[in-house]
Amino acid sequence: MGKPIHVLSGPNLNLLGTREPEIYGRETLADVQARCEARAAALGHAIVFRQSNHEGQLIDWVQEARTEACALIINPAGYGHTSVALLDALKTLAIPIIECHLSNPAAREAFRRETYVSLAATGLVSGFGAASYELAVEAAAGLIGARASA
Ligand code: DQA
């Protein structure tokens, strides 16, 4: 097995399952992690799954992915809409970056319609609840496979 796919989740996603369940669903972050691990394993990949409420920690993990990951999936949560520093870190990566959201931010408040992360992302999955993460794993695996056979 090659390098793992890194999956990062930003602030408040540790509260998944109880935080605004009408928007984000009732599955916990542990449930989401289990989904990602199962889907990745079926596709022949390992997962490193992490969550932080701290911008600097997320940036450190993005930098780590430069050498330790074959692809990065990131749900930046609120930082997606605010963090130039996170965008700058993402721009240093040469691996595929999948931006992932449980909700569809484009259909919500105006301030959610743009994310800085999109400027660095290879692609975006949003609006499918916990399944967004699984779809992102599938997309990442597909991109890695395409690169390997190029
Ligand atoms: C979110 C959408 C963001 O706008 C919000 O700040 C979040 C979660 C999502 O997964 O739908 O915290 O990234």
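Only Lys, Arg, Asp and Glu count, each charged at its Cβ (+1, +1, -1, -1), so figure out the dipole size of the chain about its Cα centre, rounded to 20 debye.
Working: 12 positive and 15 negative charges, 44 e Å.
Magnitude of the dipole: close to 220 debye.
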A student asked for the Cα radius of gyration and Dmax of segment 20-95 in angstrom ought to give 13.7, 38
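Using only the alpha carbon atoms of segment 111-150, find the Kirkwood hydrodynamic radius as the inverse mean reciprocal pair distance, in angstroms to one decimal. Don't skip to the end; give the middle numbers.
Numbers: mean 1/r = 0.0865 Å⁻¹.
Its Kirkwood hydrodynamic radius stands at 11.6 Å.
Multiply the residue separation of Asn12 and Glu37 by 0.36 nm, subtract the distance between their alpha-carbon atoms, and state the gained length in nm to one decimal.
Working: separation 25, 0.36 × 25 = 9.00 nm, distance 2.11 nm.
Computed gain between Asn12 and Glu37 is 6.9 nm.
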Accessible area per residue of the chain at 1.4 Å probe, in Å²? 47
How much accessible area does Asp60 have with a 1.4 Å probe, in Å² rounded to the nearest 10? 90
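Would you work out what percent of the accessible area of the chain, with all protein chains in place, is carbon or sulfur (probe 1.4 Å)? Don't skip to the end; give the middle numbers.
Values: 3700 of 7080 Å².
Ligands and nucleic acids excluded, carbon and sulfur give 52 percent.
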Of Gly56, Asn75, Pro11, which is farthest along the charge dipole of the chain in the positive direction, counting Lys and Arg as +1 and Asp and Glu as -1 at C-beta? Asn75
To the nearest 0.05, the calculated FRET efficiency linking Arg112 and Asp60 through their beta-carbon distance, R0 being 25 Å, is 0.50
Between the alpha carbon centres of segment 125-150 and segment 75-119 the gap in Å comes to 16
Relative intensity, log₁₀ I(q)/I(0), of the chain from a Debye sum that treats every alpha carbon as a point, q = 0.12, 0.13, 0.18, 0.19 Å⁻¹: -0.43, -0.51, -1.02, -1.15
Estimate the FRET efficiency between Asp88 and Glu68 by the formula 1/(1 + (r/R0)^6), using the beta-carbon distance for r and 30 Å for R0, to the nearest 0.05. 0.95
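Run the dipole for segment 11-100 about the Cα centre, Lys and Arg Cβ at +1, Asp and Glu Cβ at -1, nothing else charged, and hand back the magnitude in debye, nearest 20. Intermediate results must be reported in sequence, preceding the final value.
Values: 7 positive and 11 negative charges, 30 e Å.
Using only the charged Cβ atoms, the result is roughly 140 debye.
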Karplus 3J(HN,Hα) series, Hz, for segment 101-110 with 6.51 cos²θ - 1.76 cosθ + 1.60 (x for Gly, Pro): 9, 5, 8, 9, x, 5, 9, 10, 4, 4
Under the rule rounded for a/c under 1.5, else prolate if a/b exceeds b/c, else oblate, using alpha carbon gyration tensor axes a ≥ b ≥ c, segment 64-150 is classed as oblate
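The values are calculated or read from the model by the stated rules, or taken from the named source; none is laboratory data. Predicted, not measured: the structure shown is a model, and the values here were computed from it. When we count neighbours, we look across all protein chains shown, and the Cβ atoms used for this are built from the backbone with ideal geometry, even at glycine. Each accessible area value is taken on the protein alone, full model and side chains, heavy atoms only, with ligands, DNA and RNA left out. Shrake-Rupley method; radii C 1.70, N 1.55, O 1.52, S 1.80 Å.
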